[in-house]
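Below is one structure; the comments refer to it alone.
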Amino acid sequence: MNRDFALGSLMLMVAGSYYAAATLIPESQLADAVGPQGLPRSYAVVLALLSLVLIGQSRWRVHKDEDTESSHSSRALWRVGGMLLIGVLYIVAAPWIGYIPALAALIMVTTYYQGGLINRRVALVSVSGAVFFWLLFVVLLGIPQPAGFWPSLF
Amino acid sequence: MFSTLFELLFTTPIVPAAFGGVAWGILGGALPGISPSITMALLLPFTYGMDPTPALVMLASTYVGAEYGGSIPAILIRTPGTNAAAATVVDGYAMKLQGKAGEALGISLYSGFIGGLFGLIVLVLLTERLSSVALAFTPAAYAALGVLGLSIIASLSRESLVKGLMAGVLGLMISTIGTDPVTGLNRFTFDSPELLSGIPPILVMVGLYAISELFVQSGEPGWEHVPREKARIKFPNPAMWKRLAIPQLIGSVIGTIEGVMPGGGGTVSSFLAYNEARRWSKHKEEFGHGSPEGVAAPEAANNTVACTALIPMLSLGIPSSNSSAVLLGGFLIHGLVPGPLLFVQHSEVINGLYTGLFTANVAMVIVGYLMMTPCLWLVSRPKPFLMAFIYALVASGVYAIENSLFHVGVALGFGVLGYAMRYFKMPFLPMVLGVVLGFMVESNYRRALVLSGGDRMTFLQDRISAGLLIVAVIFLTGSLVRHAMDHRHARS
């Protein structure tokens, strides 16, 4: 299975799901001639047609470079998955432990994940970085960040 | 007009915004892999709480600064900081090997300044003329304008027309999330209150450009370190000014043409300018071996593009490059819709932007000289720290838009989508165009039909609408013919 075939199949599924979701949009007495479902359904049909064209193209085009890239791609996907997980953990942790500890953890873990070490220097830089961003956003720009449980202690 | 622009310099915080934007742009542009659009996308959340004029000046100045910043690692470590600086590598790095790194950096800065001023003059002269038909625009004309904007997707999809169109349709689909513009019904919100107002284009841009790049960079090796003592800028002397005048003019003219062309941008223009400068040079043999003209032409070209790329975006609301799409996002988050009416309803913002761009070009020379040491310090930091701090900046900045961690999650989601699009070789700009123009096309298309009692001929009866649709058809046909010819060439 080559890359274009995979993309075409994926987009065909997206078009089908989107079309199904568009049919669930309720009718309205205020609706115009096109209606709230009109263009979404058209978009889904166009995407499905384009997907079929891409699948068709992929059957007769030769992709020489894809086998050599596949092993690299799987490694890269793991790295992206790790980076994404760090971001998700930040989203989960920030409302509980607050902005500065969550951001310091994000900086420290990302540094380690990118090939750095975990030692006192990295910990110091991470905490300093988090405090710097807190000063920048909260103190200087007046933009609140997640407070966590800290305000309830005082 | 000039007295108004001059007054703006002292009555609004344009000067600090321009200097700050240029400084940020130079730093971002100097980091290999961080393009002007990514540098701007990283700054976008910060501008949310600012007044519109300084916010937009800061974003546009970032674009100006990043185009110069990209030449710093191109000259010093043979690694272009931005794609547009790739042409500068050839002679810039050769000059560095000859011990002329300071001269090369000075020529880059000086030529960027000349190109930027040239582009600004063209921007001011052309944009107002294009937008002079503002008051004649009807809903049908706006819908047709949106279709014209979408038609450029075909020319942005050089590698695969089908994938470009797919990305555009995906963008249109994303634009339908939220409240329906005519009936007020909720669409694709899945009972989530956060989705009622739709997905802000800023999240799409930060995710696609900044976060996906972070993901890509996470698997790349670090870059070469630069010894600090080798980078003192030396501006060219009058004799050199004379020698550089022709390549700078060539670069500026090519930058003007490419800037307004959809998908043209700094990269194409800098390579074209390099080739043309070599063709017209009296010292052809020096090209490739450290020619000052080989640095001047591409640098003038990509800085001209930083201004002329704003012409279609400001006058028609159609971004022709990734960077102008991000600047468009800056307009949208302040409730300003670029296009014909902007010049009538918010002329003060446009005047402020012109003044800011002039200030930015002057600031580039001053800040560019002063920022050399901080830039080299930044490029020399361990890559894991840089990546971690950019991630922290994105997470904090996106949250700041509406104090919502849900938005951080959405931006991360678009980061993953952007990574997948890179994997499948789908271009970003068609999707951004779809997201940005989708609402305008749908709402005006349906309003025009309501006003005409459902008569679709209204789009051909309205002169502006008909004219724009004809241009869109010509554009689309031309792109399809070019794709077919490219395909035939590839097969033969």
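The values are calculated or read from the model by the stated rules, or taken from the named source; none is laboratory data. These numbers come from a predicted model, not from an experiment. Here the Cβ is made from the backbone with ideal geometry for all residues, glycine too, and neighbour counts use every protein chain on show. Accessible surface areas use protein heavy atoms only, side chains included; no ligands, DNA or RNA. Shrake-Rupley method; radii C 1.70, N 1.55, O 1.52, S 1.80 Å.
Applying the condition of being part of a helix (DSSP H, G or I) and within 10 Å of chain A (Cβ to nearest Cβ) to segment B:150-163 and asking which residue is modelled with the lowest pLDDT yields B:Leu161. B:Ser175 meets each of the listed conditions (1) hydroxyl-bearing (Ser, Thr, Tyr); (2) at pLDDT 85 or above; (3) over 24 Å from the mean Cα position of the chain (by Cα) apart from (3).
When residues of segment B:460-480 are filtered for being more than 18 Å from B:Leu316 (Cα to Cα) and modelled with pLDDT of 85 or more, how many remain? So that I can check it myself, show each step before the final result.
At the first step, the residues of segment B:460-480 found to be more than 18 Å from B:Leu316 (Cα to Cα) are B:460-461, B:477-480.
Remaining after also requiring modelled with pLDDT of 85 or more: B:460-461, B:477.
Of the residues in that region, 3 qualify.
Results for (1) out of contact with any Leu (no Cβ under 6 Å at 6 or more places or on another chain); (2) of a type in the set (S, T, N, Q), shown as yes or no for each residue.
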| residue | (1), (2) |
| --- | --- |
| B:Val394 | yes, no |
| B:Phe406 | yes, no |
| B:Phe414 | no, no |
| B:Leu429 | no, no |
| B:Gly438 | no, no |
| B:Ala448 | yes, no |
| B:Ser465 | yes, yes |
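Scan segment A:18-50 for residues that are among the polar types (S, T, N, Q) and either facing chain B (nearest Cβ under 9 Å) or within 12 Å of B:Met173 (Cα to Cα) (or both) and jot them down. Let's see the steps before the verdict.
Restricting attention to segment A:18-50, the residues satisfying the condition of being among the polar types (S, T, N, Q) are A:23, A:28-29, A:37, A:42.
Scanning segment A:18-50 gives A:Ser28, A:Gln29, A:Gln37, A:Ser42.
Scanning segment A:134-153 for residues that are facing another protein chain (nearest Cβ under 10 Å), modelled with pLDDT of 90 or more and part of a helix (DSSP H, G or I) yields one hit, A:Trp134. B:Gly99 meets the conditions (1) of a type outside the set (Lys, Arg); (2) touching a residue at least 40 places away in the same chain (Cβ under 8 Å); (3) not in a helix (DSSP H, G or I) in every case but one. The failed one is (2).
For segment B:300-316, the criterion of being under 15 Å from B:Leu123 (Cβ atoms), assigned to a loop (DSSP other than H, G, I, E, B) and open to solvent by 10 Å² or more (accessible area, probe 1.4 Å) is met by none of the residues.
Residue by residue, here is whether (1) more than 17 Å from B:Phe118 (Cα to Cα); (2) of a type outside the set (A, V, I, L, M, F, W, C) holds:
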{"site": "B:Trp241", "(1), (2)": "no, no"}
{"site": "B:Leu244", "(1), (2)": "no, no"}
{"site": "B:Gly251", "(1), (2)": "no, yes"}
{"site": "B:Ile254", "(1), (2)": "no, no"}
{"site": "B:Gly266", "(1), (2)": "no, yes"}
{"site": "B:Leu272", "(1), (2)": "yes, no"}
{"site": "B:Ser281", "(1), (2)": "yes, yes"}
{"site": "B:Glu299", "(1), (2)": "no, yes"}
{"site": "B:Leu336", "(1), (2)": "yes, no"}
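Select, from B:Ala86, B:Ala74, B:Ala104, the only residue that is in a helix (DSSP H, G or I) and farther than 21 Å from B:Val365 by Cβ.
B:Ala86
For segment B:445-460, taking the residues that are in a helix (DSSP H, G or I), farther than 19 Å from A:Pro40 by Cα and touching a residue at least 60 places away in the same chain (Cβ under 8 Å), the one that is nearest to the chain's Cα centre (by Cα) is identified as B:Phe459. Within segment B:394-447, the set of residues being at positive phi and either more than 10 Å from every other protein chain (Cβ to nearest Cβ) or not charged (D, E, K, R) (or both) comprises just one member, B:Asn403. Scanning segment A:5-58 for residues that are open to solvent by 10 Å² or more (accessible area, probe 1.4 Å) and either acidic (Asp, Glu) or over 27 Å from B:Leu196 (Cα atoms) (or both) yields A:Phe5, A:Ala6, A:Ser9, A:Glu27, A:Asp32, A:Leu49, A:Leu50, A:Leu52, A:Val53, A:Ile55, A:Gly56, A:Gln57.
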